[in-house]
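Before any comments, here is the structure.
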Amino acid sequence: MADDMTDEIEPQGAPYRGPAAHDPEPPAPNHDDDPDYVNRTKFLSMIALAGGGVMGAALMVPVIGFAFADSLKAEDFRWVDVGALGDFPDGEVISIALAGPAPESDRGVYIRRKDGGLDAIWSRCAHLGCPVGYNPGSDAYACPCHGGSYDSAGRVTAGPPPRPLDRFDWKVVNAAGNEVAVNTEARPDAPGDIAAATDADRLLIGRPYSIDDEGRPFKLRTPGYPVDGVLSNLYPFN
Ligand code: FES
């Protein structure tokens, strides 16, 4: 029995015959100098940036659209026959209701015929849109809402309106349908000339437009909207 146990013991100093040792793990690659490598931190930063960009756009697009939609919107109008030129006697200001392109867009217009010229002025106050009244005694327009006043050509003389009254293009056609007088973007100091027309010819009112204090024509703006200057670019936030 004692002899068998002696046979199984390795003598001291014998070579190791146990399981082989594993090779060491290779070192992790270093991407510090690789600008194209996306590690987890970089990936999360990109996600956060992209999310912020989407949220920012979602907020800004409606805001910008709200600010500029009105100035970019096409003007809707159609030519409307408002009667024979003889219905608008020289020296008088006649108020008419003009059918707009849609039922809700009917407009009040003052037709002013004087000394061979003609003006078509929108009765909508340039402040907040109240209908202005014409006073033959003072030959001027006044707004009942906040005291806005305009002279005979619709230029502001008092009160809060930021610009003159808006105006309309007009034209006069004869019985054959030919244009005998046309006026586009007339300025307050130069009403359109109707010398070539007769009282039997028809007056048509067309595209509305806005003007500034110097009478320069602009694309139609809503009431309260300045047509020029820095503030006109910030509407409706000014
Ligand atoms: S709406 Fe005319 S002055 Fe205000």
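With q set to 0.20 Å⁻¹, the log10 of I(q)/I(0) for the range 80-233, from the Debye formula over equal scatterers at the Cα positions, is -1.27.
Write out the trypsin sites (Lys or Arg not before Pro) in the range 104-205 meeting two conditions: DSSP loop, and at most 13 other Cβ atoms within 10 Å of their Cβ. Mind showing how you got there, number by number?
Working: sites: ARG107, ARG112, ARG113, LYS114, ARG124, ARG155, ARG167, LYS171, ARG202; in loops: ARG155.
For trypsin sites (Lys or Arg not before Pro) across the range 104-205 that sit outside H, G, I, E and B with at most 13 neighbouring Cβ atoms in 10 Å, the list is empty.
Dipole magnitude for the range 80-233: computed about the Cα centre from +1 point charges on Lys and Arg Cβ and -1 point charges on Asp and Glu Cβ, it is near 420 debye.
Fully extended, how many nm does the chain gain between SER95 and VAL38 (0.36 nm per residue separation, minus their Cα-Cα distance)?
Working: separation 57, 0.36 × 57 = 20.52 nm, distance 7.26 nm.
Length gained, SER95 through VAL38: 13.3 nm.
As an exercise, use a Förster radius of 22 Å and the Cβ-Cβ distance of ASN178 and SER105 to find the FRET efficiency, rounded to the nearest 0.05. Write down the numbers at each step before the final one.
On the way: r = 29 Å, r/R0 = 1.30.
After rounding to 0.05, the efficiency reads 0.15.
Rule-based calculations on the coordinates, nothing more; no lab input. None of the values given here were measured: they were computed from a predicted structure. For neighbour counting, all protein chains shown are included, and Cβ atoms are generated from backbone atoms with ideal geometry for every residue, glycine included.
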